Amino acid sequence: MRQLDVAPLAHLTRVSDGFLRGCVGLSALDLTPLAQLTSVGDGFLRGCVELTALDLTPLAHLTCVGHELLTDCRELMVLDLTPLAHITGVGNRFLAGCAKLTAVDLTPLVQLNNLGIGFLFGCAGLRTPSSMHDATFRRRSRP
C-alpha cells in the first residue's frame with residue numbers, strides 16, 4: 001500500500017485506537033478528508049515506517065490525541081506542528097522512535113497543557129535536542 005484514500009471517512013469527528021496503525025507500506029497520505037477530526041485515539045499512524053513526510057494542515061481542529069501519535073515512523077524527517085496549535089493534550093510517546101526526524105518546531109503548541117512521557121524518545125536524528133527539551137518544559141512550567 002503506497003497511498004490510502006480516506007475520503008469515505010470525511011464525516012468523522014473522532015477516530016478510535018489503532019486507526020492507521022502499522023500501515024508499513026504507506027508512503028503518502030492526504031489527510032484533507034479528515035478535516036473534521038477533533039480527537040484521535042491511541043496509535044494513530046503508529047508504525048507507518050515508510051512515511052517520510054506528512055502535512056498535518058487538515059488536522060487543525062484537533063484538540064486531543066491519544067498515546068503513540070506517529071510513534072515509530074522511522075522515515076519521517078521533518079514535521080510541521082503549526083496545524084496542531086489547538087491541541088491541549090498529547091498522550092505518551094508522541095513522535096518516539098522517529099529516528100530520522102531532524103527538526104520539530106514546538107512553538108505552535110501554545111495550548112498544550114499535558115504532554116505524556118517519552119516525547120521524542122529515540123529520535124537520534126534531531127539536531128538540537130537540548131533546545132527542544134527546554135522549549136517543551138518551559139511551556140509546561142508557566143502559571
| field | Contact order relative to length of the chain, as percent, for alpha carbon pairs under 8 angstrom and 6 or more apart | value | 17
| query | Among 67, 86, 61, 11, what is the fewest-to-most ranking by other Cβ atoms within 10 Å? | reply | 11, 61, 86, 67
| note | Exposure-ranked with fewest Cβ neighbours within 10 Å first, 16, 27 stand as 16, 27
| query | Ranking 117, 87 by Cβ neighbours within 10 Å, fewest first, what do you get? | reply | 117, 87
| query | Within a Cβ distance under 13 Å of residue 58, other residues only, what is the Lys/Arg minus Asp/Glu net charge? | reply | -3
| task | Identify the trypsin sites (Lys or Arg not before Pro) of the range 92-131 meeting these criteria: DSSP loop state and at most 15 other C-beta atoms within 10 Å of the C-beta. | result | 100, 127
| Cα-centred dipole magnitude for the chain, charges only on beta-carbon of K, R (+1) and D, E (-1), debye, nearest 20 | 420
| Does anyone have the angle between helix 129-140 and the longest principal axis of the chain? Alpha-carbon axes, 0 to 90°, nearest 10? | 90
| query | Points 7 angstrom from Cα along the Cβ direction at residue 85 and residue 102: gap in nanometres? | reply | 2.7
| request: Label the chain by shape, choosing from rounded, prolate and oblate, from the square roots a ≥ b ≥ c of the eigenvalues of the Cα gyration tensor; if a/c is under 1.5 it is rounded, and otherwise prolate applies when a/b is larger than b/c, oblate when it is not. | output: oblate
| said: Can you show me the helix-derived [θ] at 222 nm for the chain, built from DSSP H runs with n ≥ 4 at -39,500 (n - 2.57) apiece and divided by the number of residues, rounded to the nearest 500. | reply: -2500 deg cm²/dmol
| request: Could you calculate the FRET efficiency of residue 53 with residue 121 from 1/(1 + (r/R0)^6), where r is the beta carbon distance between them and R0 is 25 Å, rounded to 0.05? | output: 0.75
| request: State the answer as a single residue: which of 29, 108, 54 lies farthest towards the positive end of the charge dipole of the chain, with beta carbon charges of +1 for Lys and Arg and -1 for Asp and Glu, about the Cα centre. | output: 108
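We did not get these values from a lab; they are worked out from the coordinates using the rules stated. This structure is a prediction, so every number in the text was calculated from the model and none was measured. Neighbour counts are summed over all protein chains in view; Cβ atoms, including those assigned to glycine, are modelled from backbone coordinates with ideal geometry.
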